[in-house]
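The values are calculated or read from the model by the stated rules, or taken from the named source; none is laboratory data. A quick note: this is a predicted structure, and the numbers were derived from the prediction, not measured. No Cβ is skipped: glycine too gets one built from the backbone with ideal geometry, and neighbour counts run over all protein chains shown.
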Amino acid sequence: MNIHLSLYSMRIKDENKEHAIRKKTIEIIVKDGVDGLSMQKLAKAAKVSPATIYLYFKNKNDLITQVYLDVTKKMTEASLKNFNPDMRFAEGLRVQWANRAKFCLKYPLENQFMEQLRNTPFHSKAIHVEGESFGEIMRKFITRAVERKEMIPFPSVEVFWAVAYAPLYLLIRFHQQGKSFNKKFVMTDEKMRQTLTLVIKALSP
């Protein structure tokens, strides 16, 4: 019995170490960027030896890739909660905004971490591994909205994304900074609703 308890304690301890490594990876990259992350700095921050990191990850690139994949997966799952591609366009977009805002406000570091890596090769790897099903769901949603004449056609997914979601992420950024244009700013449900109404109007035929 004592042997089983000892093995269980070791497993929990190892999980705690990996969690600390992942958490500190996010914190360091948000603060210092990808180039500011070193295994020595990470080991010190996570209170483990550099050798311990290599028990879980092959190298620095593998570490960042795995952490980014994990955060992206959580964001994807959160954004699809209570969402269905068959939803009417306005309702589906409202659910998407609510889900994304909730995730970004609950996990501000993870959100900033994803923003840091959005224009790097790590983002492309995450999209390749995790993004196919999500991309397909969103394509169906957009296609059906256009077919029902609830939304105007767009020349590309990128253009749609810029119009549909960029305003939300800008509000979230202002909120996290605590200001916009040198004025105090707090994002409220009412401000988000007003912005979403304008976005839906811009996207409607």
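Observations, loosely collected:
- Leu170 vs. criteria touching a residue at least 60 places away in the same chain (Cβ under 8 Å) and among the hydrophobic types (A, V, I, L, M, F, W, C): no
- Filtered residues of the range 49-81 (kept if charged (D, E, K, R) and either closer than 29 Å to Lys191 by Cβ or in a helix (DSSP H, G or I) (or both)): Lys60, Asp62, Asp70, Lys73, Lys74, Glu77, Lys81
- Whichever residue in the range 85-115 is among the polar types (S, T, N, Q) and at pLDDT 95 or above and, among such residues, is farthest from the chain's Cα centre (by Cα): Gln96
- Check on Phe185, assigned by TED's automatic domain parsing to the domain that holds Cys104 and in contact with a strand residue (DSSP E or B) (Cβ under 6 Å, 6 or more places away or on another chain): yes
- Residue, surrounded by the fewest Cβ atoms within 10 Å (Cβ to Cβ), within the range 35-81, restricted to residues that are over 17 Å from the mean Cα position of the chain (by Cα) and either within 13 Å of Met114 (Cβ to Cβ) or aromatic (Phe, Trp, Tyr) (or both): Tyr54
- For first residues located in the range 182-205 and farther than 15 Å from Ala145 by Cα, partners that are surrounded by fewer than 11 Cβ atoms within 10 Å (Cβ to Cβ) and lie 6+ apart or on another chain with Cβ distances below 8 Å form the pairs Lys184/Gly178; Phe185/Gln177; Phe185/Gly178; Val186/Gly178.
- Selection count, the range 141-182, where residues are under 17 Å from Trp97 (Cα atoms) and either polar (S, T, N, Q) or touching a strand residue (DSSP E or B) at 6+ places or on another chain (Cβ under 8 Å) (or both): 2
- Residue ID - nearest to the chain's Cα centre (by Cα), chosen from residues in the range 19-34 that are free of Cβ contacts under 8 Å to residues at least 60 places away in the same chain and farther than 16 Å from Phe57 by Cβ: Lys31
Per-residue answers, yes or no, for (1) more than 30 Å from Ile64 (Cα to Cα); (2) of a type in the set (Val, Ile, Thr):
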| residue | (1), (2) |
| --- | --- |
| Arg94 | yes, no |
| Pro108 | no, no |
| Gln116 | no, no |
| Thr143 | yes, yes |
| Val159 | no, yes |
| Pro205 | yes, no |
